[in-house]
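Remarks on the structure that follows.
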Amino acid sequence: MSPPSDVDDSSGASGFGRRGFLVGAGAVAGGFLLGGVAGWTGPVDAASAVAAGATRFVPLGTQVRLADNRKGPTGRYPYTEVGSQAARQHIRVQVTGREGIPAEATAAVFTLTAVNRTGQNFVTAYPTGIATPDVSNANLAGPYEEAANLATVRLGDGGAIDVETHAAAELIVDIAGYYVPVSAAVADGRFVSLDDPVRVLDTRHGRGALRADDRVIVDIGSRVPADATSVVVNVTTTGTQARGYFTCFPLDRAAVPDSSNLNVDGPDQTRAAAAVVKVAASGSARGFQVWSSSGGHVIVDLLGYYTGTGAAVSTDGLFVPADPVRIVDTRKPRPARMWRNWMLESPVPAPAATAASAVVLNVTAVDALGWGFLTVTPARTYRWSPSVQPGSSSVNHTTRGQTVANQVITRITERHGLSVYASEGAHVLVDYSGHFTGTPRAPVSAAPSNPAPQTSGPPWLLEVPSLGIRSMVFDGDSVAVTDAGHTWHWTGTGDMGQTANVALFAHRTDAGGPFRNIHRLVAGDLVTVATDDGRKFEYSVIDRVLTSADRDDILAGARRHSGPTVALIACTKRNFEPTSLDWRIIVNARLVNSFEF
């Protein structure tokens with residue numbers, strides 16, 4: 001996980017004030033709240049009844065490759081093609097009966113890697129025998145992009161899973177361990193979540209970045225019990241050197257396994273992926289190692305561990321797998337993007353809502369607004385403000401428009417479930433695949449009130465339907481912008497989302513300047529401005545005024561009404577007809593509505 005970025009809070013436009021609730025959007029129990037991160041350590045109770053479907057975790061000696069459709073169905077890593085199409089890949093991966101995995105196994109933990117061959121694409125893993133669910137496990141934006149993500153999947157018919165891509169891609173499936181049913185309280189194989197993520201390695205401080213074909217030891221001996229079998233970590237790389245991948249494996253193994261946990265496409269990337277890694281001892285150290293094929297910094301945050309045979313006998317921390325289901329989608333039923341320093345809350349499905357210490361999720365940031373991150377926590381347990389952000393991240397996005405996912409295990413609170421914090425802003429998807437038994441935390445804080453969305457500067461799309469005007473608006477040199485046939489955003493006037501006056505200037509020439517006929521606008525006519533972050537601002541014409549060509553006179557005319565307003569400005573004759581350099585026509589319009597599209 002990379003450290004949070006510095007963020008600021010901006011005033012908002014009318015229609016985009018503080019928000020508390022988002023109703024619907026695929027959320028459980030009637031909606032999710034835009035709203036607050038610590039942990040829970042429940043009591044040990046060996047006498048408690050075992051939950052239906054409860055399982056314990058069994059790690060493999062190291063992560064093992066089960067399928068790779070670059071090798072072909074009969075290659076070294078076999079799989080079965082299912083309804084293959086030219087623009088779609090769908091493979092079936094047998095899990096039980098391989099690598100010592102018994103027939104009674106009911107779920108498993110995989111790293112899914114995809115190498116894209118087309119445009120926008122996503123990967124879904126699900127139990128064999130059910131219809132393809134509306135969920136995703138990995139997302140890809142363009143040709144040859146590589147993405148890896150951890151996935152916990154219930155095993156379906158015959159002990160198999162199906163892995164499907166929306167469009168053509170190469171698919172790789174590596175397995176780290178599996179779950180087997182239990183009928184009584186057990187000592188080993190139970191998941192224990194830390195109260196807060198603990199950073200156990202950061203090569204930016206001290207060691208320095210890994211080189212190509214280099215490895216680093218992650219010693220967690222002081223962080224988990226001596227008999228812990230495996231750990232759940234979030235592995236982040238930044239400052240990558242080239243296209244490549246990172247592999248986690250036990251400390252007592254010299255050879256790097258033929259698998260990966262985190263993939264990157266090129267230099268100077270920041271990416272994160274969760275991993276489940278078996279721990280082992282070597283000399284005085286106990287933990288695992290991370291190997292890099294191409295180099296880069298490595299940051300490792302410890303999220304929790306699986307108990308060993310020396311742990312107390314309990315029914316807490318057993319995994320109950322579920323068919324994957326989407327519980328949050330801020331794009332539906334209407335767009336409701338998360339903005340900078342926003343939080344949302346979502347309940348989780350029964351029985352997890354009242355009988356889970358933690359839940360297993362896949363969390364996706366969609367159409368991110370820039371460099372930033374999402375942090376998933378138990379709802380209403382983190383007291384935050386724009387100046388006090390979470391100290392860790394769950395999903396990292398590095399560019400505007402990026403879509404990226406990561407598996408997340410988080411504790412929940414009773415009734416309120418989980419919360420998602422956005423440092424910069426994005427649409428958010430949350431897919432649920434099961435829970436760990438225990439008791440939800442009690443909330444310790446009220447639902448936060450989200451600040452207004454951040455403001456947005458040009459480029460914008462200006463439209464005046466009654467005149468057929470459709471013009472791009474740009475900052476910069478006024479002569480260069482307007483002579484190119486566009487509309488200029490007057491420097492120093494407001495941005496979209498501010499309670500301010502916005503001034504826009506364009507030509508009215510015979511050759512067809514955008515503002516040629518703005519003298520025909522009348523009170524009540526509509527003027528709209530759309531931003532590149534998916535918002536539209538609607539204004540209603542109030543009046544028009546005549547001013548001299550003096551700059552101060554023009555700005556006074558554009559600011560004669562309290563904001564938020566937009567002023568369309570052009571050269572004019574005294575009778576408002578086109579056109580003379582001696583006078584200016586100003587058509588003022590007041591904001592009446594704003595929404596996402």
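The values are calculated or read from the model by the stated rules, or taken from the named source; none is laboratory data. Here the structure is a predicted model, which means the values were calculated and not measured. Note that each Cβ is placed from the backbone with ideal geometry, even for glycine, and that neighbours are counted across all protein chains shown. Surface areas here come from the heavy atoms of the whole protein model, side chains and all, with no ligands, DNA or RNA. Shrake-Rupley method; radii C 1.70, N 1.55, O 1.52, S 1.80 Å.
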Accessible area per residue in Å² at 1.4 Å probe, computed on the chain: 36 Å²
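Per the 1.4 Å probe, what fraction of the accessible area of segment 232-368, in percent, lies on carbon and sulfur atoms?
The value for segment 232-368 is 52 percent carbon and sulfur by accessible area.
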Between segment 145-200 and segment 241-306, how far is it from one alpha carbon centroid to the other, in angstrom? 17 Å
Toy charge model, Lys and Arg Cβ at +1, Asp and Glu Cβ at -1: the chain dipole around Cα centroid in debye, rounded to 20, equals 460 debye
Alpha-carbon Debye profile of segment 218-297, log10 I(q)/I(0) at 0.16, 0.18, 0.22, 0.23 Å⁻¹: -0.59, -0.73, -0.98, -1.03
To the nearest 20 Debye, how big is the dipole of segment 293-375 about its Cα centre, given +1 on the beta carbon of each Lys and Arg and -1 on that of each Asp and Glu? 420 debye
Positive-end extreme of charge dipole, the chain - chosen from 55, 130, 534 (charges on Cβ): 534
Cα Rg, Dmax, the chain, angstrom units: 27.6, 91
Using the Cβ atoms and a cut-off under 14 Å, what net charge is assigned to the surroundings of residue 519, where Lys and Arg are +1 and Asp and Glu are -1? +4
Order of 424-436, 541-553, 153-165 by packing, highest average Cβ count within 10 Å first? 424-436, 153-165, 541-553
Taking R0 as 22 Å, what's the FRET efficiency between residue 312 and residue 223 from their Cβ-Cβ distance, rounded to 0.05? 0.75
Which value in deg cm²/dmol, rounded to the nearest 500, describes the helix-derived mean residue ellipticity at 222 nm for the chain, given -39,500 (n - 2.57) per DSSP H run of n ≥ 4 and division by the residue count? -500 deg cm²/dmol
